[in-house]
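Worksheet: the structure to be examined is printed underneath.
Read-outs throughout are calculated quantities, based only on the coordinates presented, and are distinct from any laboratory measurement. Fair warning: this is a prediction, and the values are worked out from it, not measured in the lab. All Cβ positions, even for glycine, are placed from backbone atoms using ideal geometry, and neighbour counts span all protein chains on display.
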Amino acid sequence: MPIALLALAVSAFGIGTTEFVMMGLLPNVADDLGTSVPTAGYLVSAYALGVVIGAPLLTAFGARVPRKRMLLLLMGLFTVGNLATALAPGFGTLLAGRVLAGLPHGAFFGVGAVVATRLVREGRAARAVATMFLGLTVANVVGVPAATALGQQLGWRATFLVVTGIGLVAIASLAALIPQVPAEGQAGIRHEIRALGNRQVLLGLLTAVFGFAGIFAVYSYLASMMTKVTGFSESSVTVVLALFGVGMTLGTLIAGPLTDRAPRYTLYGGLGGLSAMLVLFHFAAQAKWASLVMVVVLGVTGFLITTPIQMLVMRAASHAPTLASASNQSAFNLANAGGAWVGGAVIAAGWGWTSPTLVGAGLALIGLLIAMLAGRSEKRASRIVARNEAVPVATTTSS
């Protein structure tokens, strides 16, 4: 793989760290700013809101900007957002800093995925995209636990100063390693929006919303399940979350070559496996050893679907893939928020701490059905095209 992909992975590592680290620092932030932990929880939602808003807007308005320059601008905005977070004097400005840091998230992955596919030869595009996403998953294994520990020892502001430093390293890496890649030939806001309205793109985004909502319905409450049901101590939760991160990394590594061979079947297998494993986890959560194994397996199956969804969406919008690719990140964050809400709702209804596993299984199954509908629609369209191409063109001759 080209070394330029390392720059994209480093950037993804920084983005992944800042996205998830706030969850572990909410008590510290609440104490420092004199607010409650539930109120501080809006800081997690603020970042997701920035992603949902920024992904389509920044991508569309940057459609004609050369890709390397666009990546540098987006990572610059990310770095400024994290610096604003670290220096925020009060809760309001901290909230604004989180929104600002989230704005370039989706657009960066949208542009980055397109650039990654341009850096490799045909047949290895999915592996290139998976390599970029590897930075995101490694952040959950290394970056988030380390940044959380740093914030707990030196204060939460120190964490975001370090993330700001990672942003600067990412900018330097992008400037040094990414070659000049021109914007797509037909790029433009109207052209990108038209591509976003493609039926296959919309079905792909819906698949992402329901599929990822299935895993986030459980991941959002995994710590509580492990302590209240399985019987782990609170000090062991970091290890449990790190194991989930290991599963995420393995799933991303496996997804690359499988997606290059058969993206649809990789997606079907991932969603079907995720639904089945979530049901199994409902029962395995009662035993410590079984729950630890299942946490890794859930990470694998949950993130086995990331690369195929990204590639299928980009393929469906082949003439203007950047906005569709970025919108997939908006779908991912909608799934994050929606899955957490549904999981919390069933717990609040008294269904039990493991009830999100069954709800998550249902959401993943809906995602699988949507993906299969998209697959049938794609096959039908291909048959129509093949039939039209097979019809001989009538010619006339003069006597």
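Pairs of C-alpha atoms in segment 281-359 farther apart than 21 Å represent 47 percent of all such pairs. Within the listed set M248, M294, M311, the residue fluctuating most in the Gaussian network model of the chain (springs between alpha-carbon atoms under 10 angstrom) is M294. Could you please report the charge total around N336, scoring K, R as +1 and D, E as -1 over all other residues with beta-carbon less than 15 angstrom from its beta-carbon? Overall, the nearby charge balance is 0.
Between helix 306-316 and the chain there is an angle of about 30 degrees, using the helix long axis and the longest principal axis of the Cα atoms. Treating the angle as unsigned and between 0 and 90°, give the value, to the nearest 10°, between the Cα long axis of helix 288-304 and the longest Cα principal axis of the chain. Relative to the chain, helix 288-304 is tipped by roughly 30 degrees. For R264, neighbours were defined as the other residues whose beta-carbon sits under 11 Å from its Cβ, and their charges (Lys and Arg +1, Asp and Glu -1) total +3.
Each Cα pair under 8 Å and six or more residues apart adds its sequence gap; the mean of these over the residue count of segment 29-100 is a relative contact order of 40 percent. Considering only V142, V111, V300, the Gaussian network model of the chain with Cα springs below 10 Å gives its largest mean-square fluctuation to V142. Placing R0 at 45 angstrom, the Cβ-Cβ distance between K228 and S382 gives a FRET efficiency of 0.35 after rounding to 0.05. For segment 20-77, the normalised intensity computed at q = 0.23, 0.26, 0.27, 0.28 Å⁻¹ comes to -0.85, -0.97, -1.01, -1.06 (log10 of I(q)/I(0), Debye sum over alpha carbons, equal scatterers, no solvent). How many angstrom separate the Cα center of segment 190-243 from the Cα center of segment 338-355? Between the Cα centre of segment 190-243 and that of segment 338-355, the gap is 14 Å. For L94, what charge total do you get from the other residues with a beta carbon under 14 Å from its beta carbon, if Lys and Arg give +1 and Asp and Glu give -1? Charge balance in the 14 Å sphere: 0.
With the simple spin-label model, which puts each label point 7 Å out from Cα in the Cβ direction, the R264 to L373 separation comes to 1.7 nm.
At the listed q of 0.16 Å⁻¹, the Debye profile of segment 239-390, built from one uniform point per Cα, gives log10 I(q)/I(0) equal to -0.95.
Excluding same-chain neighbours fewer than eight residues apart, the lysines reachable from K288 by a Cα-Cα span under 20 Å are K228. Calculated from the structure at hand, semi-axes √(5λ) of the Cα gyration tensor in Å is found among [x] 39, 26, 22; [y] 36, 27, 18; [z] 31, 27, 20 as [y]. What angle, in degrees between 0 and 90 and rounded to the nearest 10, separates the Cα long axis of helix 199-219 from the longest principal axis of the Cα atoms of the chain? Roughly 20 degrees, rounded to the nearest 10. Taking the charge dipole of the chain about its Cα centre, with +1 at Lys and Arg Cβ atoms and -1 at Asp and Glu Cβ atoms, the residue from F91, N333, T354 reaching farthest to the positive side is N333.
Residues considered: I53, I384, I305. Largest GNM mean-square fluctuation over the chain, using C-alpha springs under 10 Å, is found at I384.
The trypsin sites (Lys or Arg not before Pro) of segment 1-88 that DSSP puts in a loop, and whose beta carbon has at most 16 other beta carbons within 10 Å, are R64. Our estimate of slack between R315 and A276, defined as 0.36 nm per intervening residue step minus the Cα-Cα distance, is 11.2 nm.
Measuring r between the beta carbons of R64 and A287 and using R0 = 45 Å, the FRET efficiency lands at 0.20.
Across segment 42-56, computed HN-Hα scalar couplings (Karplus, 6.51 cos²θ - 1.76 cosθ + 1.60, θ = phi - 60°) run 5, 5, 5, 5, 4, 5, 4, 4, x, 5, 4, 6, x, 4, x Hz from first to last residue, x flagging Gly and Pro. When the alpha carbon gyration tensor of segment 64-156 is reduced to an equivalent ellipsoid, its three semi-axes come out at 30, 18, 8 angstrom, largest first.
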